[in-house]
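In what follows, a structure is listed as structure tokens, so that the remarks can point back to it.
Throughout, read-outs are computed from the coordinates displayed, never taken from laboratory work. On a predicted model such as this, the values are computed, not experimentally measured, just so you know. Note that we place each Cβ from the backbone using ideal geometry, even for glycine, and neighbour counts take in every protein chain shown.
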Ligand code: ATP
């Protein structure tokens with residue numbers, strides 16, 4: 001029933017972390033580090049989207065700037081890398097296409113995971129071929145602090161748990177230790193409840209616009225890049 005984990009040595013686990021990263025911040029970096037350690041992954045790959053389908057029409061910073069900030073943020077961090085596959089792909093960035101791309105281009109002994117915050121997870125029904133995603137890759141859903149209502153208390157009573165069973169499939173079953181939903185034919189959905197910093201890119205953009213500090217919200221080199229390029233003014 002549980003398709004992943006057991007047969008894969010730690011060196012073969014890789015987390016894929018997609019997002020707009022406008023800009024990348026300490027919330028993303030802490031989350032990636034904690035998930036990497038908790039799941040004994042050899043790497044986490046940050047995948048900035050080209051035109052996020054759900055953000056079309058909003059103002060999104062040029063991909064080149066978002067990529068440059070990611071590069072500054074991951075420099076010197078072991079096990080963090082960046083893929084520009086979505087930026088190079090023409091048209092909107094659909095997660096299902098990215099997952100297929102990685103599955104086709106990753107050795108068979110590597111177990112891939114898709115990492116996301118619970119806010120993104122709850123929006124999955126708006127994503128292209130979202131049911132296919134569940135059939136392609138295990139998910140790691142992180143509780144994102146500060147987003148109400150509380151999303152995933154233990155024992156299956158939270159919004160995320162109800163969403164999984166009521167919206168995704170009633171055949172998901174919560175493991176006894178509350179860590180993971182397993183399914184007879186789909187990949188597991190792991191729940192990651194460690195506290196993570198209450199930081200959002202929206203708050204950072206707002207702070208820059210109103211002249212407030214963003215120190216401690218982004219790495220120093222990213223803060224310097226934002227100021228030098230005049231982003232988010
Ligand atoms: P915005 O405020 O512009 O919507 P964001 O801060 O949510 O941006 P994204 O690039 O949209 O950042 O997020 C990429 C992924 O990272 C999403 O799955 C999101 O849920 C997750 N994420 C973002 N911030 C945090 C955080 N502080 N803790 C845990 N997960 C996060």
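Between the Cα long axis of helix 220-229 and the first principal axis of the chain there is an angle of about 50°, rounded to the nearest 10. The long axis of helix 95-104 is offset from the longest Cα principal axis of the chain by roughly 70 degrees. Between 54, 25, 183, the Gaussian network model of the chain with springs among Cα atoms under 10 angstrom shows the greatest mean-square fluctuation at 54. Given axes a ≥ b ≥ c from the Cα gyration tensor, I'd like to know whether the range 76-143 is rounded (a/c under 1.5), prolate (a/b larger than b/c) or oblate. Taking the square roots of the gyration eigenvalues as a ≥ b ≥ c, the range 76-143 is rounded.
Arranged by the count of other C-beta atoms within 10 angstrom, fewest first, what order do 194, 97 take? Lowest to highest Cβ neighbour count: 194, 97. Stretching residue 165 away from residue 105 to a fully extended chain increases their span by 18.4 nm, per 0.36 nm per residue minus the current alpha-carbon distance.
The calculated pair-distance distribution of the range 32-104 uses every alpha carbon pair, bins of 10 angstrom beginning at 0, and gives 18, 44, 33, 5 percent.
For residue 178 and residue 224, a Förster radius of 35 Å and the Cβ-Cβ distance give a FRET efficiency of 0.25, rounded to the nearest 0.05. The ranking of 162, 41 by Cβ neighbour count inside 10 Å, starting from the fewest, reads 162, 41. Between 158, 19, 27, the Gaussian network model of the chain with springs among Cα atoms under 10 angstrom shows the greatest mean-square fluctuation at 158.
What number, in nm² with one decimal, is the all-direction average of the projected area of the convex hull of the alpha-carbon atoms of the range 161-224? Walk me through the numbers on the way to the answer.
Working: hull surface 27.2 nm².
With every direction weighted equally, the projected area is 6.8 nm².
By the count of neighbouring beta-carbon atoms within 10 Å, fewest first, 126, 61 end up ordered 126, 61. Model label points for residue 216 and residue 123, set 7 angstrom from Cα along the Cα-to-Cβ axis, are 2.8 nm apart.
With runs of 4+ DSSP H residues as the only contributors, calculate the mean residue ellipticity of the chain at 222 nm using -39,500 (n - 2.57) per run, divided by the residue total and rounded to the nearest 500. It would help to have the intermediate numbers written out before the result.
Numbers: 9 runs with 75 residues, N = 233.
After summing the helix terms and dividing by residue count, I get -9000 deg cm²/dmol.
Radius of gyration (Cα atoms) of the range 98-233, expressed as a multiple of 2.2 N^0.38 Å: 1.27. Which of rounded, prolate, oblate describes the chain, given a ≥ b ≥ c as roots of the alpha-carbon gyration tensor eigenvalues and a/c under 1.5 marking rounded, otherwise prolate only if a/b is larger than b/c? Here the chain falls in the prolate category.
Modelled spin-label separation between residue 78 and residue 59, with each label point placed 7 Å from Cα along the Cα-to-Cβ direction: 4.2 nm. Here each label is just a point 7 Å from Cα along the line to Cβ, and for residue 207 and residue 51 those points are 3.1 nm apart. Roughly how tilted is helix 26-38, in degrees to the nearest 10 and between 0 and 90, from the longest Cα axis of the chain? The angle comes out at about 30 degrees.
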